[in-house]
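Colleague: For reference, the structure I am asking about is given below.
The values are calculated or read from the model by the stated rules, or taken from the named source; none is laboratory data. Nothing here was measured: the structure is a model prediction, and the numbers come from that model. Cβ placement follows ideal geometry from the backbone for every residue including glycine, while neighbour counts extend to all protein chains displayed.
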Amino acid sequence: MSKRLVEELEAVAPQGDTLVTIGVFDGVHLGHQRLLQRLLQRARERGVGSAALFFLQHPSTVLAPGTRVALITLPEERAALLRGTGVQHVQGISFTEDVSLLTARQFVELLLRHLRVKGLVVGPDFALGHKREGTVERLSVLGKDMGFTVEVVPPLTQSSTVVSSTAIRRALATGDVRGAARMLGRPFRLTGPVVRGEGRGRKLGFPTANIAFDPERALPADGVYATRAVIGGDAYDSATNVGLRPTFDGTKRTVEAYVMDFHRDIYGETVSLDFVDMLRTEERFSSVEALKEQIARDVQDARARLKALAAEKR
């Protein structure tokens, strides 16, 4: 039995019975949001509390060591997004080797003991327990024996594509940030502190904020994007380059944002970038002057694109 898992479940401490959903919930996308709304609806109907448990580690990285899963949202971001849906209890739980060895019955016994679970609300592909033996069908059988219900919420589709974390990662990997936003229900956001770079943007006449990011984070494909930079609660138009800076023979991927109509020193501050649209792929230029001219065009393009998209929403 996993002592850490028990401690994490005890931390929920519900005052009464609950309906629970469990998953990674990476991105907390529109499909997740629909499932969570069903959870809330059923909890209201049954007069019980609601709880969402999310795995702090992606199970694939534990079950197959060395596997890398680029995360759309880090755990603290997921927790905030889940709480924003109105779910009463949100708790991150550790997916460890010990947890992976629990049978479905053992896992459910922990939920019944610590969360007073009266029902599970899950997606059609949900499974828990060792080797995913706790399928929806198996959990339904256990529920009849142990006194809890299982409700399956169908997946959400957009233009025949199932909305999923995997589909969002694929969209980001091709630079399709608009497609990712349609599935997320909001723009893809990257948040991090502003760190000192090599100062090349300033020398080119376009000082940039170099955003540090967690190595586990998913990034859009290398290229230039129209973005919105959120600084101290205020949003500014911006143009952001993601990539290796091939003109300077770069070897380390960076995220650098030129924030328009903004002149304050923000080193050390946290900035959030909302990726609105891709402008072009990253490329090597024959000279620094050619790069400078292109950056000027990128800034103009980003400003125009953001203005046009904002007009579309009105």
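Colleague: Limited to the stretch 9-35, what total is found for residues that are crowded, with 18+ Cβ neighbours inside 10 Å, in contact (Cβ under 8 Å) with a residue 24 or more places away in the chain and assigned to a helix (DSSP H, G or I)?
Modeller: Of the residues in the stretch 9-35, 4 are crowded, with 18+ Cβ neighbours inside 10 Å, in contact (Cβ under 8 Å) with a residue 24 or more places away in the chain and assigned to a helix (DSSP H, G or I).
Colleague: Another question about this same structure. Select from the stretch 261-275 the residues that are at pLDDT 95 or above and among the aliphatic types (A, V, I, L, M) and write down the one among them that is surrounded by the fewest Cβ atoms within 10 Å (Cβ to Cβ).
Modeller: Val271
Colleague: Do we have Leu142 as farther than 27 Å from Val20 by Cα and either in a helix (DSSP H, G or I) or of a type in the set (A, V, I, L, M) (or both) here?
Modeller: On the way: farther than 27 Å from Val20 by Cα: no; either in a helix (DSSP H, G or I) or of a type in the set (A, V, I, L, M) (or both): yes.
Against the criterion (farther than 27 Å from Val20 by Cα and either in a helix (DSSP H, G or I) or of a type in the set (A, V, I, L, M) (or both)), Leu142 does not qualify.
Colleague: If you go through the stretch 153-199, how many residues are free of Cβ contacts under 8 Å to residues at least 60 places away in the same chain, among the small types (Gly, Ala, Ser) and either farther than 21 Å from Ala221 by Cα or in the same structural domain as Arg245 (by TED's automatic domain parsing) (or both)?
Modeller: The number of residues fulfilling the criteria is 4.
Colleague: Exactly one condition in (1) out of contact with any Asp or Glu (no Cβ under 6 Å at 6 or more places or on another chain); (2) part of a strand (DSSP E or B); (3) not assigned by TED's automatic domain parsing to the domain that holds Ser287 is false for Val121; which is it?
Modeller: Checking Val121 against (1) out of contact with any Asp or Glu (no Cβ under 6 Å at 6 or more places or on another chain); (2) part of a strand (DSSP E or B); (3) not assigned by TED's automatic domain parsing to the domain that holds Ser287, the one that fails is (1).
Colleague: Hey, could you check the stretch 254-293 for residues that are assigned to a loop (DSSP other than H, G, I, E, B) and basic (Lys, Arg) and say which is farthest from Gly179 (Cα to Cα)?
Modeller: Out of the qualifying residues, it is Arg264.
Colleague: Kindly indicate which of Glu282, Glu289, Glu293, Glu269 is of a type in the set (D, E, K, R), touching an Asp or Glu at 6+ places or on another chain (Cβ under 7 Å) and not assigned by TED's automatic domain parsing to the domain that holds Ile72.
Modeller: Glu282
Per-residue answers, yes or no, for (1) in contact (Cβ under 8 Å) with a residue 60 or more places away in the chain; (2) of a type outside the set (Val, Ile, Thr); (3) under 30 Å from Asp176 (Cα atoms); (4) part of a loop (DSSP other than H, G, I, E, B):
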{"residue": "Gln41", "(1), (2), (3), (4)": "no, yes, no, no"}
{"residue": "Glu45", "(1), (2), (3), (4)": "no, yes, no, no"}
{"residue": "Ser50", "(1), (2), (3), (4)": "no, yes, no, no"}
{"residue": "Thr67", "(1), (2), (3), (4)": "no, no, yes, yes"}
{"residue": "Glu77", "(1), (2), (3), (4)": "yes, yes, yes, no"}
{"residue": "Leu82", "(1), (2), (3), (4)": "no, yes, yes, no"}
{"residue": "Gln91", "(1), (2), (3), (4)": "yes, yes, no, no"}
{"residue": "Asp98", "(1), (2), (3), (4)": "yes, yes, no, no"}
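Colleague: Here's another thing I want to ask about it. Could you say whether any residue in the stretch 109-125 is over 25 Å from Gln37 (Cα atoms), of a type in the set (Asp, Glu) and at pLDDT below 95?
Modeller: No, the stretch 109-125 has no match at all.
Colleague: Could you list, in sequence order, all residues of the stretch 170-181 that are crowded, with 18+ Cβ neighbours inside 10 Å and either over 17 Å from the mean Cα position of the chain (by Cα) or not in a loop (DSSP other than H, G, I, E, B) (or both)?
Modeller: Ala171, Leu172, Val177, Gly179, Ala180, Ala181
Colleague: Hey, among Val87, Val62, Val108, which residue is touching a helix residue (DSSP H, G or I) at 6+ places or on another chain (Cβ under 8 Å), of a type in the set (Val, Ile, Thr), assigned to a loop (DSSP other than H, G, I, E, B) and in the same structural domain as Glu10 (by TED's automatic domain parsing)? Write out each step before concluding.
Modeller: On the way: Val62 fails: assigned to a loop (DSSP other than H, G, I, E, B); Val108 fails: assigned to a loop (DSSP other than H, G, I, E, B).
Residue meeting the stated conditions: Val87.
Colleague: On the given criteria, is Glu77 acidic (Asp, Glu), surrounded by fewer than 21 Cβ atoms within 10 Å (Cβ to Cβ), under 27 Å from Thr174 (Cβ atoms) and in contact with a Ser or Thr (Cβ under 9 Å, 6 or more places away or on another chain)?
Modeller: yes
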